[in-house]
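**Student:** Before we start, here is the structure in question, set down as C-alpha cells.
Every read-out reported here was derived from the displayed coordinates using simple, explicitly stated rules and does not represent laboratory data. In this text the structure is predicted, and so the values were computed from the model without any measurement. When we count neighbours, we look across all protein chains shown, and the Cβ atoms used for this are built from the backbone with ideal geometry, even at glycine.
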Amino acid sequence: MRGLRLIPADINLSFIPKRVMFFIFSGLLVAASAGMFLSKGLNYGIDFKGGILIEVRTTQAADIGDMRKTLGGLGLGEVALQEFGQPTDVLIRVQRQDGDERAQQVAVEKVKAALGSGIDYRRTEFVGPKVSEELLWDGVMAVSLAILAILVYIWFRFEWQFGLGAVVALSHDVATTIGIFALLGLEFNLSTVAAVLTIAGYSINDTVVVYDRVRENFRKYKKLEFGQLLNDSVNQTLSRTVMTSVTTLLALMALYFLGGAVIRDFSFAMIWGVIIGTYSSICLAVPMLMYLDVDRGGALVGEAAAEEAP
C-alpha cells in the first residue's frame, strides 16, 4: 500500500527561476510589516505594559469563561485569565490603572467584590513599568540571541553563505510575524515571544533539510548548473516539507479553534509562522545562495572530511 503523498515525487516546479518575484514579494511584506509597526505599533499585553497579577483558588474547578465575562464588565481595561496549575487555580492579569498605587488597590478591590465569596486569594502583585520594560527587552534579547545562535550553527554545519541565507529567511519570518500582529491588533506578550522562538526553530528545521539535500547534490552532480541543482534540491524535499507543514497546521488549527481565548493568539502566531516559515525556507533561504558565491568545492571538501572523521 502506497503512503499518502500531497506532492508527486517527480514534481518539478520552477522556484529558482522565479526568485526575483519571491524577493520582491518578501521585500514588500517586510516593508509593510515595518510600516504597520511604526505607524500602528503593537498591542502589548500586561507582561510588557505592567499591571496587576492576582492568583486565586476556587473551591471547585474554575469556570474561566464566566469569570472572564464577570471581570470584563468592570471597566478595568484588559483582563486576562488562565488556568494556573490545577483546575481550581486561576491567574488573573489586569492592566495597569491610571494613577498611583491607590488606583491599583481600588482595582484589586473591584475584582474581589465581583468574584464574591468562596475565593482564596493566594497572591496579589503589581508589575510596574520598570519590570515590564525589562521583560520586553529580555524578549527582544532572546529572539536576537536565538537568531545569532542559528547563524553560528548553520555556519559550522555548512558554510557561512548558508548561514547568511538562513538568517535572512528567519529575520523575514520574525518581521512579518510582528507585522501581522500590528495589523490585526492582537495581544503581543511573553507567549507571543515564545511563539516567535518556536517559529524560528521550525523554520530552520525546514531550511536545514533543504540545505542537506543541496550539499548532497553537490557531491552527486558536480557539473550540474548551480541554479538547476538548487531547484532540483527544493523539489526533491518539497513533499516532505509540505507534509510536515500540513500535519503541524492540523494540530495548530485544533488549538486555535478549540483551545480557548488564552492560547488563541499564540496559536495564531504559530499558524502564521508555519506558513511563512515554509515559504521562506523554499523561496528565500535557498534562492539566496545564488548571490552568495557558494564554493561547491569547499562544500565537498567539508563533507568528505566529516565522513572521514572517526
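**Student:** What angle do you read, to the nearest 10 degrees and between 0 and 90, between the alpha-carbon axis of helix 226-258 and the longest principal axis of the chain?
**Tutor:** Computed tilt is about 20 degrees.
**Student:** While we're here: Taking the chain as a Gaussian network, where each spring joins two C-alpha atoms under 10 Å apart, which residue of Thr192, Thr278, Thr88 fluctuates the most?
**Tutor:** The residue with the greatest mean-square fluctuation here is Thr88.
**Student:** Tell me, what HN-Hα J-couplings in whole Hz come from the Karplus equation 6.51 cos²θ - 1.76 cosθ + 1.60 at θ = phi - 60° for each residue of the range 72-81, using x for Gly and Pro?
**Tutor:** x, x, 8, x, 9, x, 5, 10, 10, 10
**Student:** Also: Starting at the first residue of the range 208-218, write each ³J(HN,Hα) from the Karplus equation 6.51 cos²θ - 1.76 cosθ + 1.60 with θ = phi - 60°, in whole Hz, x for Gly and Pro.
**Tutor:** 5, 4, 5, 4, 4, 5, 4, 5, 5, 6, 4
**Student:** Taking 0.36 nm per residue of separation and subtracting the Cα-Cα distance, what length does fully extending Leu145 through Leu183 add?
**Tutor:** Extra length from Leu145 to Leu183 when fully extended: 11.1 nm.
**Student:** Hey, what did the chain get for relative contact order, percent, Cα under 8 Å, at least 6 apart?
**Tutor:** Relative contact order for the chain comes out at 26 percent.
**Student:** Would you kindly derive the ³J(HN,Hα) couplings of the range 50-55 from the backbone phi angles with the Karplus curve 6.51 cos²θ - 1.76 cosθ + 1.60 (θ = phi - 60°), listing them in order in whole Hz, with x for Gly and Pro?
**Tutor:** Once θ is set to phi - 60°, the couplings for the range 50-55 become x, x, 10, 10, 10, 9 Hz.
**Student:** Can you classify the range 1-111 as rounded, prolate or oblate using the Cα gyration tensor, where a ≥ b ≥ c are the square roots of its eigenvalues, rounded means a/c under 1.5, and otherwise it's prolate if a/b beats b/c and oblate if not?
**Tutor:** Taking the square roots of the gyration eigenvalues as a ≥ b ≥ c, the range 1-111 is oblate.
**Student:** Residues of the range 183-224 with backbone nitrogen within less than 19 Å of a virtual label 7 Å along the Cα-to-Cβ line of Asn12, please, listed as ranges.
**Tutor:** Under cut-off, by backbone N: 214, 217-218, 220-224.
**Student:** Another question, if that's okay. Taking springs between alpha-carbon atoms closer than 10 angstrom, which of Leu190, Leu229, Leu250 fluctuates most in the Gaussian network model of the chain?
**Tutor:** Among Leu190, Leu229, Leu250, the largest GNM mean-square fluctuation belongs to Leu250.
**Student:** Here is a further query. Just to be sure I follow the rule: in the chain, considering lysines 8 or more places apart or on different chains, how many pairs have Cα atoms under 20 Å apart?
**Tutor:** Total qualifying Lys-Lys pairs in the chain comes to 4.
**Student:** Is there a quick way to get the dipole size of the range 51-127? I mean about its Cα centre, with the Cβ of Lys and Arg at +1 and of Asp and Glu at -1; what is the value in debye to the nearest 20?
**Tutor:** For this selection, approximately 80 debye.
**Student:** Which residue fluctuates most in the GNM of the chain (Cα springs below 10 Å): Ser144, Ser233, Ser267?
**Tutor:** Answer for the Gaussian network model of the chain: Ser144.
**Student:** Tell me the label-point distance for the pair Thr198, Phe226, using the 7 Å Cα-to-Cβ offset, in nm and rounded to one decimal.
**Tutor:** So the label points at Thr198 and Phe226 sit 3.8 nm apart.
**Student:** Angle between the Cα long axis of helix 19-39 and the longest principal axis of the chain, 0 to 90 degrees, nearest 10?
**Tutor:** 20
**Student:** Angle between the Cα long axis of helix 160-184 and the longest principal axis of the chain, 0 to 90 degrees, nearest 10?
**Tutor:** 30
**Student:** Just subtract the alpha-carbon distance of Glu133 and Leu28 from 0.36 nm times their residue separation and send over the number in nm, one decimal.
**Tutor:** The Glu133-Leu28 span can extend by a further 34.8 nm.
**Student:** Using the count of nearby Cβ atoms within 10 Å as a rough guide to exposure, how do Ile204, Ile92 rank from fewest to most?
**Tutor:** So the ranking, lowest neighbour count to highest, is Ile92, Ile204.
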